[in-house]
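Read-outs: derived from the displayed coordinates by stated rules, not from any lab. All values derive from a computational prediction rather than experimental measurement. Virtual Cβ from ideal backbone geometry, glycine too; neighbours counted across all protein chains shown.
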Amino acid sequence: MQLIDGKAVSAAVKERIRAEIERDKLDIGLAVIIVGNNQASRVYVNNKKKACEVCGIKSYEYALPEETTQQELLELIDTLNKADNVNGILCQLPLPAHLDEKQVIEAISPLKDVDAFNAVNVGKIMIGDYAFLPCTPAGVMELIHSTGTDVCGKECVVIGRSNIVGKPMAMLLLHENATVTVCHSRTKDLAEVCRRADILVSAVGRADFVTADMVKDGAVVIDVGMNRNAEGKLCGDVKFDEVAPKCSYITPVPGGVGPMTIAMLMQNTLKAKRLQDE
Ligand code: GUN
């Protein structure tokens, strides 16, 4: 069993981006919007700002109070859509319950939608005509590639069907000619389906969800989960201690997929600048 080092792979991606930005003397800005006091969101936003610093991208934080109205948020996005110094706009999710997430996502200009959450960019992903890569799934693909595994023809099982991870993950695997199965809470005999997987990607959001009986010997296991266990410790979806010995490769949590998502966000922000300069 070998651990996949997400920190090392993401550092290499960020270094490549930094060198390109420096070489071409690019002035790039990312606006990061955070609404309310979600602790996890605060950590993610801080990590995204740190990555910007490493890459030489300017970050502009808009920390809005919990009671921000939909109209105020839409007005900010409108201003940022028009701002020449802002190449990418990221609105950290989840938003407080009184705000309409879908409308906010659609308000971001598709040319600045570095999360690729907007329907225009999701549509482009479906047809394989990428403007922006979906950050977490693209990070997972980089981690799989880092192991030297060829995805073509492999049985891939994705657990979870969210718009942010599960669905775009299936598309990226499909575009590399994998045979892809997407599982979810209504899947019958989940363990049996998962055991078929040469590559198993879990994006469920429940600690200890993936157990050893769900994993084929020699599988590559990618854990997208970001959960807190009973002791409050950060952990993934995979019961690591019992699953790891069965795998050829496995990602740890933390230090697996998380850092890759952020590296892909940096890559999309650079892409946004290039698209806007065309
Ligand atoms: N919340 C959880 N993951 C993400 C992400 O990738 N982008 C944004 N904006 N919010 C998130």
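One residue stands out in the range 87-96 among those that are within 15 Å of the ligand (Cβ to nearest atom) and in a loop (DSSP other than H, G, I, E, B): the one that is farthest from MET266 (Cα to Cα), namely PRO96. When the range 248-278 is filtered for residues that are over 30 Å from LYS82 (Cα atoms), more than 14 Å from the ligand (Cβ to nearest atom) and crowded, with 24+ Cβ neighbours inside 10 Å, the ones remaining, listed by number, are ILE250, THR251, GLY256. If only residues of the range 7-51 that are within 30 Å of PRO65 (Cα to Cα) and without any contact (Cβ under 8 Å) to a residue 12 or more places away in the chain are counted, the one that is farthest from the ligand (Cβ to nearest atom) is LYS50. Look at the range 112-131: where a residue is closer than 18 Å to GLY29 by Cβ and a partner is more than 13 Å from the ligand (Cβ to nearest atom) and in a loop (DSSP other than H, G, I, E, B), sitting 6+ places away or on another chain with Cβ atoms under 7 Å, you get LYS112/VAL86; LYS112/ASN87. Scanning the range 97-118 for residues that are surrounded by fewer than 23 Cβ atoms within 10 Å (Cβ to Cβ) and either in contact with a Lys or Arg (Cβ under 9 Å, 6 or more places away or on another chain) or in a loop (DSSP other than H, G, I, E, B) (or both) yields ALA97, HIS98, LEU99, ASP100, SER109, PRO110, LEU111, ASN118. Contact annotation: residue pairs with Cβ atoms under 6 Å, 6 or more positions apart or on different chains, pairing a residue in the range 149-173 that is closer than 20 Å to CYS247 by Cα and β-branched (Val, Ile, Thr) with a partner that is outside any loop (DSSP other than H, G, I, E, B) and within 15 Å of the ligand (Cβ to nearest atom), are VAL158/GLY166; VAL158/MET169.
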